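Have a look at the structure below before the remarks.
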There are 2 protein chains.
Amino acid sequence: MFKSILAAFDGSEGSEAALRKAIELANLCGADLTVLTLYRHHSVLEGSMYVTDVEQPDNIDGIMRNHAKKIAEHGATVARQAGCEKIRAFVKGGPTARTIVSFSKQHENDLVVLGSRGLGSIEGYLLGSVSHKVTSLSECPVLVV
Amino acid sequence: MFKSILAAFDGSEGSEAALRKAIELANLCGADLTVLTLYRHHSVLEGSMYVTDVEQPDNIDGIMRNHAKKIAEHGATVARQAGCEKIRAFVKGGPTARTIVSFSKQHENDLVVLGSRGLGSIEGYLLGSVSHKVTSLSECPVLVV
């Protein structure tokens, strides 16, 4: 019934539970699965990041991106180990909910799966508001795990 | 993967789209499907209901319940026609989101499916806030269609 599933994955326990549901559904439907990990652009975070990384402010986007990449790769590994065959992993910078929604629209996903709340390891805020925004803005069904 | 699916159904176009996804998933997983239609108790609505039905204020709960029953039966018929075998329909009075969540917990549903917003034909308010509340409060995954 679903052909192309997008799992938003931030490495938190909640988003891994969501990823596992997405994998089960992808396997059941023979759907392709995309793991998407978001990071916030430097400009959004500059206030706090300058404090923690004053030596290399120009490289903050790169650091965030690399961290997100590792998380996305972990998500893809989890999916492969669970028998998922058609899997891709992406990282994207931008505001979380809107980026998930625009990515899913662009890639014609017919289901978005995400955790009800994350640890906010990347975004620094509760994913709860993200799931609310995504369910409000998404043009396709959203599974909140 | 899902064994017992609860579809919240208020007769609106959005909730019928949600019901159809719930049916597809139930058929795919061999899950049982419960159609749940909510009505609000008299006391919650008395302000507006006395205006529209001054002649029989004591019977308002009954009227609401019967209306909800017809909607639930329509939902069950849609499901049966779509090949769903294990189907039950319920009506419940109470605050919508909390009643959906407590019902799903009591009946050990492992997925709740609902529309992102309804026409509010029964509740008189946008179902949008209901889906937010249900995703926040539910102990099981929630599919917002």
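What follows draws every value from the coordinates through simple rules; no lab data is involved. Remember, it's a predicted structure, so these values are computed and weren't measured experimentally. Ideal geometry is used to build each Cβ from the backbone, glycine not excepted, and the neighbour counts take in all protein chains shown.
Using a label point 7 angstrom from Cα along Cα-to-C-beta, what distances in nm, from shortest up, separate A:Arg88 from the other copies? So the label point of A:Arg88 gives 4.3 nm to the other copies. What separates the A:Gln106 label point from its copies, with the point 7 Å along Cα to Cβ, is 4.6 nm, written shortest first.
Annotation: amide H-H contacts under 5 Å for A:Tyr39 (H modelled 1.01 Å from N, sequence separation of 5 or more, or interchain): A:Lys92, A:Gly93, A:Gly94. With the simple spin-label model, which puts each label point 7 Å out from Cα in the Cβ direction, the B:Ser129 to A:Lys92 separation comes to 3.0 nm.
Quick one: if the Förster radius is 35 Å, what FRET efficiency do B:Ser102 and B:Ala82 give, using the C-beta to C-beta distance and rounding to 0.05? It comes out at approximately 0.80. Summary of packing: across the peptides A:28-34, B:64-70, the per-residue average of other C-beta atoms within 10 Å ranks them, highest first, as A:28-34, B:64-70. Count Lys and Arg as plus one, Asp and Glu as minus one, and take only other residues whose Cβ is under 11 Å from that of B:Val78; the net charge is then 0. Label-point distances for A:Glu73 to the equivalent site in the other copies, using a point 7 angstrom along Cα→C-beta, read 6.1 nm when ranked shortest first.
Separation of the alpha carbons by more than 27 angstrom is noted, of A:Lys69/B:Lys133; A:Lys105/B:Lys92; B:Lys70/B:Lys105; A:Lys3/B:Lys3; B:Lys69/B:Lys105; A:Lys69/A:Lys105, for A:Lys69/B:Lys133; A:Lys105/B:Lys92. Per residue of B:138-145, other chain Cβ atoms within 10 Å of the residue Cβ number 6 on average.
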